[in-house]
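Step one of this worksheet: look at the structure below.
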Amino acid sequence: MSRRAAFVAAAGRLDAVAAAELGIPRAEVQRLIAEGRVLVDGAPRPKSFRLAGGERVEVSMAVPGDLVSEPGPLPIVYQDPFLLVVDKPAGLVTHPTAARRAGTLVNRLLALGVPLSTAGGPDRPGIVHRLDAGTSGLMLVAKDDETHAALAAMFRHHDVERRYLALVRGIPEHDRFLIEAPLARRGARVVARAVAGRESATEVEVRERLARSTLVEARPRTGRTHQIRVHLAAAGHPILGDRAYGGGGDDAARLGLSRPFLHSWRVVFVHPRTGGRIECEAPLPHDLARALDRARDGSRRPPGPGA
């Protein structure tokens, strides 16, 4: 099923004008355009098409909640009648959007056949918080709305302890340090900005120093979008494999990284319904474990001529 939206265009680039008119991210509009679901005066146009103003733009979007279940790998680390903790594979977007209806964590959750909360909206059953598509690891999922509300409050008050493993470029000077840098959006990116940013803080502890990189554990005190990635980059130690924030290049390629080396490996919280303490851990997935082995192997090799 789909719903149609139509508007008279202002002047400007098609994807930017449509995103502003529809109130959805520009990337979502670009997906709709690529699928031929955006028409200008009845004809498909590329995302960079320049609108003169006055054209009729029609957009076909999916109906919220019209979701399909998709079986796929989704390890369950913990489950009870109220919630579950899953180990999200890298590459999965957390929930569907107007342009992306399949290939998300929600689609795989639906295939499990378990009850899911509805408090997050029709396209986000069970979803209390998110991980970036390229980040793997532990996520909490609510089975009913009462649990959803309680978990959401716990995240707002920072009562869920989350720990991430990251392999960063370079060697930090200190074994433990705190990164405090306000974050603000700049288009699709998040930047550290002293003025007009939202307060955010990340604790970092060195786990293993290697020749050209360091394995660290990051514990966010706040829950901003891309927080760990931006904070580590701002500290001069971008996450290897994170091309958006300075972690790409030869070092990442040498380790075989095609996504950021960032994994949510541990969560600890007091169960909002039973009062019990829940501790869950997930080991590094195969791609990150292999990259870490390569980094360690590079540390053991003797320096070559001229090094």
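The values are calculated or read from the model by the stated rules, or taken from the named source; none is laboratory data. Computed from a prediction, not measured in an experiment: that's the story for all the values here. In this analysis, Cβ positions are derived from the backbone assuming ideal geometry, glycine residues included, and neighbour counts consider all displayed protein chains.
Given the structure, is residue 241 among the small types (Gly, Ala, Ser), surrounded by fewer than 18 Cβ atoms within 10 Å (Cβ to Cβ) and in contact (Cβ under 8 Å) with a residue 12 or more places away in the chain?
On the way: among the small types (Gly, Ala, Ser): yes; surrounded by fewer than 18 Cβ atoms within 10 Å (Cβ to Cβ): no; in contact (Cβ under 8 Å) with a residue 12 or more places away in the chain: yes.
No; evaluated as a whole, the condition is false for this residue.
If the requirement is being assigned by TED's automatic domain parsing to the domain that holds residue 172, touching an Asp or Glu at 6+ places or on another chain (Cβ under 6 Å), on the phi < 0 side of the Ramachandran plot and not in a strand (DSSP E or B), which of these qualifies: 273, 229? Talk me through it step by step, then tell me what you get.
Values: 273 fails: touching an Asp or Glu at 6+ places or on another chain (Cβ under 6 Å).
The match here is 229.
Of all strands (runs of 3 or more DSSP E) completely enclosed by segment 80-186, which ones contain at least 1 residues that are surrounded by 16 or more Cβ atoms within 10 Å (Cβ to Cβ) and modelled with pLDDT of 95 or more? First the steps, then the outcome.
Details: elements: 83-88, 136-142, 161-169, 176-180, 183-186.
Answer list for segment 80-186: 83-88, 136-142, 161-169.
Of all residues in segment 125-144, how many are in contact (Cβ under 8 Å) with a residue 60 or more places away in the chain and on the phi > 0 side of the Ramachandran plot? Steps first, answer last, please.
Let us first name the residues in segment 125-144 that are in contact (Cβ under 8 Å) with a residue 60 or more places away in the chain, namely 129, 131-132, 134-140, 142-144.
Now drop any that are not on the phi > 0 side of the Ramachandran plot, which leaves 137.
Count: 1.
Only one of 258, 264 is within 29 Å of residue 82 (Cα to Cα) and either surrounded by fewer than 22 Cβ atoms within 10 Å (Cβ to Cβ) or small (Gly, Ala, Ser) (or both). Can you tell me which? Spell out how you get there, then give the answer.
Numbers: 258 fails: within 29 Å of residue 82 (Cα to Cα).
Criteria check complete, one pass: 264.
Among all residue pairs at least 6 apart or on different chains, which show Cβ distances below 8 Å where the first residue, located in segment 101-124, is under 13 Å from residue 145 (Cα atoms) and among the hydrophobic types (A, V, I, L, M, F, W, C) and the second is buried (at least 22 other Cβ atoms within 10 Å of the Cβ) and modelled with pLDDT of 90 or more?
Going by the 8 Å Cβ cut-off, the qualifying pairs are 116/109; 116/125; 116/126; 116/141; 116/142; 119/142; 119/148.
A quick yes/no check of all residues on (1) surrounded by 17 or more Cβ atoms within 10 Å (Cβ to Cβ); (2) outside any helix (DSSP H, G or I); (3) hydroxyl-bearing (Ser, Thr, Tyr):
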position: 20; (1), (2), (3): no, no, no
position: 30; (1), (2), (3): yes, no, no
position: 39; (1), (2), (3): yes, yes, no
position: 46; (1), (2), (3): no, yes, no
position: 58; (1), (2), (3): no, yes, no
position: 61; (1), (2), (3): yes, yes, no
